[in-house]
Amino acid sequence: MTSAEGTESGLSAEGGTATAGALTLGAAVRQPRRPTIWTTIRRQRLALTGALIVTFFAVVAVVGPMFAPHGPTEQFPQHRLESPSRAYPFGTDEFGRDILSRLLYGARISFEVGAIAVGIAGSLGILLGMIAGYRRGWLDNVLSLLMDIVYAFPAILLAIAIITMLGNSLANVMIAIAIVYTPTFMRVVRGATLSVRNMAFVEAAVSLGASTPRILVRHIFPNITAPLIVHASLNFAFAVLAEASLAFLGLGNKPPAPSWGSMVSSSYGFLQLAPWAAIFPGVAIALTVLGFNLLGDGLRDALDPRLRS
Amino acid sequence: MATRDRFEELFREVLAGRLTRRTALGTGAGLSAAAALGPRGAAAAPRGAARSFAARRQDGTPKPGGVLKVGMQADPTALDPHKQSLTAIWHVVEHIYSRLTKILPDLSVGPELAESWEISEDGLVYTFKLRQGVTFHNGRPLVAEDVKYSFERYGSEESVVRSDLASVESVEAPDDSTVVIRLKNRDASILSILASQSAIIIPKEVVEENGDLSQVAVGSGPFIFREYVPNTHVILEKNPNYFEEGLPYLDGLELIIAADDTARTTALVTGTVDMIEYAPLRDIELLQSDPSIVLAGNSNTNIRMVSFNMKREPFNDVRVRQAIAKVIDREAVLGPTVFGHGTTTVVPFPPDYWAALPAEVPAPDIEGARALLAEAGFPDGFKTTITSWAQYSFLSNAAVVIQEQLKQIGIEAELNLVENATMIADVHTNFNYDIAVTGTSAYVDPHEIMINFKTGESGNFVGYSNPQVDELIDQGQAETDQEKRAEIYRQIQQILLDEVPWVCLFVANQYEAMKSYVKGYTHIATGSNYTLRETWLDQ
């Protein structure tokens, strides 16, 4: 990042002193005007691609069902396993259901699970991570140990165990994914909190008599959002993938609900007969996950001062 | 092709009941391979009693030797057919043990350990003459006392299949080669029960030594048990002292468990195994197009059906059941379930079975269904649930289709696809369901299906009760003339069509697929693979 590029886009660098403070603590400390997140992303083709893909699927998740040519569970027995055509742009599955329509409805499930699971995991992780990182001592040890225990289990295996305990439903899939991904959020937040808590402005707030909640919310939290955003973006991809994996195994939404993972699962068996039935949902999963990964990487490059050249 | 046509002809005659009226019993096709529905039938639901006509016995001179690898559909989990009733157990132990009788390819009962048998005038006493010189794999001679012991264990409290022998009064062994079975009442299906998986002859000392037969198997059959590794394989070795002269041709059998359909097809195509049972129906075209692969088998007698919990509202109202029966489009069910490899039916028998009521499969009648529902007090439909087997796509996919079809008359059904244990407990035992999409296990004798409609029977998981039907079922069991039996069963089916405890959907096809060098195998109607003893490798 050259200083010339930095000047071009110095629109929001002053906004939110705390954020600026945290970010400028790194290598860019002598540059009063820094590029915004947006300009950084725009400069990186891959990150931009990721953002476009994510935006596309997000829009599909919201408005897609309005454009679906058929109902997601509507069956046309005369048109079973038909290859893509004008009437069925992505072909039909073994029940004669339109795959495009099911994909459009399925996007909503994927994004719902991603958003809610990451939301829960993020909230829990932020709460536990900030407390642990700020208070240190025995509380930190206990919380970190607990999170390490959860983290020690393979993600999908733990999720299956949790769903088995809670019962098989989409809500419980979200809870399971959230629990599985809480430890990484907690670690990221704790680490960031540790580095921020010894800053002069925190010391200043303490000496001015600010309460602990106030310090956490007003002074520390705004300064740890950068790694958090990156982590949330990457975890969204994991959550979408985890939902698809669990649906593939028959956990989560009940049939005939159109979950991408269950679409792959029910049709991979006749891949030779009707490849489109498994390929299109497979591609949708792959693209969404790829999009979030690219976006997450791009955000990290944009937000992490250590990666600025 | 000529052979195939001949068998088709033969098969039709068997179905029509013409060929089987030859037994001393005079009961015609009084054959039963397994008990019908109910917890045990349900556990064996995917098994097919295919009625074979793609038999391939004229394969030239058998060459002895070689080990045949067979891809199996399911893990047997244990080897004791009295402790558990799973088709997968049968498909292992049928090679190790012998029974008194066996079901022949033409669906009649033939001798195995019994050389011959006589039936008393009143039909209540069966006297069997045993083969001489038969030994167990441990070297001890098999005598009549072993048969008595085996059947006593089969019918004892610890046996989960004891209801098979409900009509047996006593088993006696007057001398080493004679067995006398006395019945409480005439039972047209007893000879075929004696050919079933649980009617194996076991040595007492092995049971006593090991507690049970779940991990050991010492029989008198064509193959000797060597090893069972759960979820992996069962290894069997040729029995050089087998009593059928010259058999088996193979030096050994390796039964490799390949539960996943795709894995099974792939294993055969790539040559990891020489043969697979339950060739996945979605892969039939693929397998047919492969010149190195041959298929055996055809239409099957297992009924797939929608059944109602008649102890619950609103399914206690016959109009609601009739409305649902009118709305169901059976043709639409065939595709997603068996990829078209099946036949639709409205009665609980294949349409060409000798006891079947000739009945057209009607087109769906939405208006008629709505009218009936309105009459029953549900003009806008209602909410309910459909329970089915998560593990078997030919049932769960039928449930998905039916759920969609019911929407046409306003019935919103939530789909519960559950594990086998839950299915057996909730649907087949405890009346804890609304609508179920399920199936029956293999049968050859019509009584095995009809008993499911008798008041209070364990197989009557719908809670159906009609004194007239109960009476007719008893008459059908006692009747020995096949024409008269068929007439009785047709009467029952007519009543069932009106009262709709089940909406019968279809019978599926069942195939075994093998490499073309596998010769001599004959597909058996009951789903048994016992003809592997006559199979040889041409390579």
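Just a few scattered comments:
- Oblate is the label for segment B:405-530, because a/c, from the alpha-carbon gyration tensor with a ≥ b ≥ c as root eigenvalues, is 1.5 or above and a/b does not exceed b/c.
- If only the Cβ of Lys and Arg carry +1 and only the Cβ of Asp and Glu carry -1, the dipole of segment A:38-186 around its Cα centre is close to 520 debye.
- Considering only alpha-carbon pairs that sit under 8 angstrom and 6 or more positions apart, the relative contact order computed for chain B is 25 percent.
- Ellipticity at 222 nm from helices only: DSSP H runs of n ≥ 4 in chain B, each -39500 (n - 2.57), divided by the residue count, give -8000 deg cm²/dmol.
- Between the beta carbons of A:L194 and A:L157, assuming R0 = 41 Å, the FRET efficiency works out to 0.85 to the nearest 0.05.
- Largest accessible area first, the residues A:R102, B:R370, A:R218, B:R490 order themselves as A:R218, B:R370, B:R490, A:R102 under a 1.4 Å probe with ligands, DNA and RNA left out.
- Unit charges at the beta carbon, dipole of the protein assembly as shown: most positive-side option, B:V171, A:F67, A:Y268: A:F67
- Using alpha-carbon coordinates, inclination of helix B:482-499 to the longest axis of chain B, degrees: 40
- The apolar share of the surface of segment A:140-220, taken as the fraction of accessible area on carbon and sulfur atoms (1.4 Å probe, ligands and nucleic acids excluded), comes to 68 percent.
- Under 15 Å, Cβ to Cβ, from A:Y151 - net charge with Lys/Arg +1 and Asp/Glu -1: +1
- For A:I131, the shell of other residues with beta-carbons less than 13 Å away shows a net charge of +3, using +1 for Lys and Arg and -1 for Asp and Glu.
- Set of lysines near B:K407 by C-alpha distance (under 28 Å), chain-local residues within fewer than 8 positions excluded: A:K254, B:K311, B:K326, B:K383
- Electrostatic tally near A:A205: other residues with Cβ closer than 9 Å to its Cβ, Lys and Arg +1, Asp and Glu -1, net +1.
- For peptides B:390-402, B:63-75, sequence by mean Cβ density within 10 Å, most packed first: B:390-402, B:63-75
- Under 13 Å from B:K519, Cα to Cα: aspartates and glutamates that are on another chain or at least 8 residues apart: B:D59, B:D274, B:E534, B:D538
- Cβ charges +1 (Lys, Arg) and -1 (Asp, Glu), total dipole of chain B, debye: 600
- For segment B:401-539, with +1 on Lys and Arg beta carbons and -1 on Asp and Glu, the positive-most of B:T422, B:S441, B:T522 along the dipole: B:T522
- Using alpha-carbon coordinates, inclination of helix B:318-327 to the longest axis of chain B, degrees: 80
- Partner aspartates and glutamates whose Cα lies under 15 Å from the Cα of B:K148, excluding those fewer than 8 positions away in the same chain, are identified as B:E169, B:E172, B:D175, B:D176, B:E205.
- Rounded to the nearest 20 debye, the dipole size of the protein assembly as shown about its Cα centre is 3940 debye, using +1 on the Cβ of Lys and Arg and -1 on the Cβ of Asp and Glu.
- Solvent-accessible area lost in complex, 20 Å² minimum, residues of segment A:49-81 relative to chain alone, 1.4 Å: A:T73, A:Q75, A:P77, A:R80
- Taking only the C-alpha atoms of chain B, the Rg (one decimal) and the largest Cα-Cα distance, Dmax (whole number), read 22.9, 72 Å.
- In the B-A interface, the accessible area buried, summed over both sides, Å² (probe 1.4 Å): 1400
- Taking the C-alpha atoms only, the angle from helix B:261-270 to the longest principal axis of chain B is near 40 degrees.
- Segment B:331-442: C-alpha gyration tensor shape, a/c 1.5 cut-off, then a/b vs b/c: oblate
- Of all beta bridges that DSSP places with both ends in the protein assembly as shown, some 75 percent have antiparallel geometry.
- Tensor-based shape of segment B:182-326 (alpha-carbon gyration tensor, a/c under 1.5 rounded, otherwise prolate or oblate): oblate
- Extreme residue, positive dipole direction of the protein assembly as shown, given options B:F225, A:P154, A:L234 (C-beta unit charges): A:L234
- Take each residue of peptide A:265-273, count the partner chain Cβ atoms within 10 Å of its Cβ, and average: the result is 4.
The values are calculated or read from the model by the stated rules, or taken from the named source; none is laboratory data. All values derive from a computational prediction rather than experimental measurement. Glycine gets a Cβ as well: all are built from the backbone with ideal geometry, and neighbour counts include every protein chain shown. Only protein heavy atoms, including side chains, enter the accessible area calculation; ligands, DNA and RNA are left aside. Shrake-Rupley method; radii C 1.70, N 1.55, O 1.52, S 1.80 Å.
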